[in-house]
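Note sheet for the following structure.
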Amino acid sequence: MNPCFAAEKTLGKLAKWLRILGFDTSYESNFSNSTAWRPADAKRIFLTRTQSRRDKTSSSNLIFIKSDHLFEQLKEVIQTLALEHKDTRPFSRCLQCNTAIEAVDKDSVRNAVPDYIWETHDTFRRCRRCRKIYWPGSHTKRTMDIIEGLFTDKKMG
Ligand SMILES: [Zn+2]
């Protein structure tokens, strides 16, 4: 299962985390012109916390997020769609612009990252669109633990 999402402005953290999980997620405030953002895009599942938007959108294409807490919000999405751990592709997508990132040669980023990062890391990935460079950071293990937690404890708190 490979769903894609459109998150409203109030759900920025949730949008970022769906990108961390590898899901194609457009985010309202990434667009200066509101007409460019169409949550009604047929294939996107609209994520909202706004009751009036809920009323206007066909329910099959919308998840109404109830929790204030990021972790619970993620679980709401996962449980509503019955997503499984194998549906995720962590760290495969740019957190800034939602584009797939690709592995690049270490030498090709020599001057694009701080020296101490280049010297201590061997794998780098780069966004095809905004050129942002990613490397495995100290937070990666913690992030993986959080993702693990999303799929191991199925009950909502
Ligand atoms: Zn990017």
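When the residues of region 64-86 are filtered to those that are crowded, with 18+ Cβ neighbours inside 10 Å and under 14 Å from Met1 (Cβ atoms), the one that is farthest from the chain's Cα centre (by Cα) is Leu83. Just one of (1) modelled with pLDDT under 95; (2) crowded, with 18+ Cβ neighbours inside 10 Å fails for Leu21. It is (1).
In this entry, Glu119 is excluded by the filter for residues that are of a type in the set (Asp, Glu) and either modelled with pLDDT under 95 or surrounded by 13 or more Cβ atoms within 10 Å (Cβ to Cβ) (or both).
At pLDDT 95 or above and hydroxyl-bearing (Ser, Thr, Tyr) - does that describe any residue in region 67-74? Within region 67-74 (the criterion being at pLDDT 95 or above and hydroxyl-bearing (Ser, Thr, Tyr)), the answer is yes, since at least one residue qualifies.
Could you list, in sequence order, the residues of region 1-27 that are of a type in the set (D, E, K, R) and within 12 Å of Ile78 (Cα to Cα)? Spell out how you get there, then give the answer.
Here is the first cut: in region 1-27, the residues of a type in the set (D, E, K, R) are 8-9, 13, 16, 19, 24.
None - no residue of region 1-27 is of a type in the set (D, E, K, R) and within 12 Å of Ile78 (Cα to Cα), so the list stays empty.
The values are calculated or read from the model by the stated rules, or taken from the named source; none is laboratory data. Since the structure is predicted, the reported quantities are computational estimates derived from the model, not experimental observations. Reconstructed Cβ throughout: ideal geometry from the backbone, glycine too, with neighbour counts over all protein chains shown.
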